[in-house]
Amino acid sequence: MTFEVYSHDRWTIPLPEGHRFPISKYGLLRERVAGLVTVRESEPVPWQWLARVHEEALLERIRTGQMSTREQRGLGLPWSEVLVERGRRSVGGTLAAAGWALAHGIGMNLGGGTHHAGRDFARGYCLFNDVAVTLAQLRVEGLAQRAVVVDCDVHQGDGTAQILGPDPDAFALSLHGARNYPFQRIPSDLDVDLPSGTGDDDYLGELEGALDVALAAGPFDVAFYLAGADPWEGDRLGRLSLTKAGLRLRDELVLARLRGIPTVVVLAGGYAPDPSDTVDINAATLDCVLARAAN
Ligand SMILES: [Zn+2]
């Protein structure tokens, strides 16, 4: 049996010339890992499932193309039909990865981690909150109730914090650059603000301590790990200074500490000037996932 992962890279959105969203990384990642794993197309999640988490009025504006200019500016992506299809499939990939994780211990979506999407807002390249929608669906199906979110994207997970922060059966941890977007925060259960330029050793020490706190709030039925590539030292949007080796140690540490909990790994951000650097980091994460799946 080969390990299955999910991708929605074929739904490419039209972007203006020079746009910063790294749309090419998804297809490049699929090509890079194609020999190692089975890559399946992510299915679009039904609107009713999105409505378990997101406000109906927001979903209606997204569905019908009625997002205001201001909303589209906050999202950072122009509205199009394929943007919506892509967003629904990105959530579908995380749902599928969760199904794989519950059956086999760990699963991965080659997308997702759209943590800036909140109940009533879509911003920061994030249309729907894949982790929150997936957790809601697992609960409806009686497959999981208590969840921990380990968000290691360089940006604070404000959307996830809004939805899951007040949820007594979910613990949201976010470890991020103190001076990175979003500049108005919604508090997570635990936020770790790291100074600009934080390197491998200091980062890993802070992560270790934060995982101690998060896991003490357990037990958990499911874990979500946002393995953002943007804490990398060369990232255009991140202000931290981790090396590729340090990011790999980060992945190993998180996956070791979450052992025993079905774990869903999602990509989140990555804005290296050369997308192949982001793909290196994402592929190394998959390597760690496969190592944990094998043991
Ligand atoms: Zn990010």
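Descending by average beta-carbon neighbour count within 10 Å, the peptides 129-135, 180-186, 198-204, 13-19 line up as 129-135, 198-204, 180-186, 13-19, the highest first.
Computed extension gain for residue 141 through residue 245, at 0.36 nm per residue and net of the alpha carbon distance, reaches 33.6 nm. Note on the range 1-64: dipole from Cβ charges, positive end direction compared against 12, 27, 50; the farthest Cα belongs to 27. When the helices of the chain are scored as -39500 (n - 2.57) per DSSP H run of n ≥ 4 and the total is divided over every residue, the value at 222 nm lands at -13000 deg cm²/dmol. Under a model in which nothing but the beta-carbon of Lys, Arg (+1) and Asp, Glu (-1) is charged, the chain shows a dipole of about 580 debye around its Cα centre. Counting protein heavy atoms only, the range 130-174 has 55 percent of its accessible area on carbon and sulfur, 1.4 angstrom probe. Once C-alpha pairs closer than 8 Å and six or more residues apart are averaged by separation and normalised to the residue number of the chain, the relative contact order reads 19 percent. Working from the Cα coordinates of the range 97-138, the gyration tensor eigenvalues give, after taking √(5λ), semi-axes of 22, 11, 5 Å in decreasing order.
Give me the orientation-averaged projected area of the Cα convex hull of the chain, in nm², one decimal.
It is 13.4 nm².
Where both bridge residues fall in the chain, DSSP classifies roughly 5% of the beta bridges as antiparallel.
The values are calculated or read from the model by the stated rules, or taken from the named source; none is laboratory data. None of these values were measured; they are calculated from a predicted model. Using ideal geometry, Cβ is built from the backbone for each residue, glycine included, and neighbour counts are taken over all protein chains shown. Side chains are part of the model used for accessible areas, which takes the heavy atoms of the whole protein and leaves out ligands, DNA and RNA. Shrake-Rupley method; radii C 1.70, N 1.55, O 1.52, S 1.80 Å.
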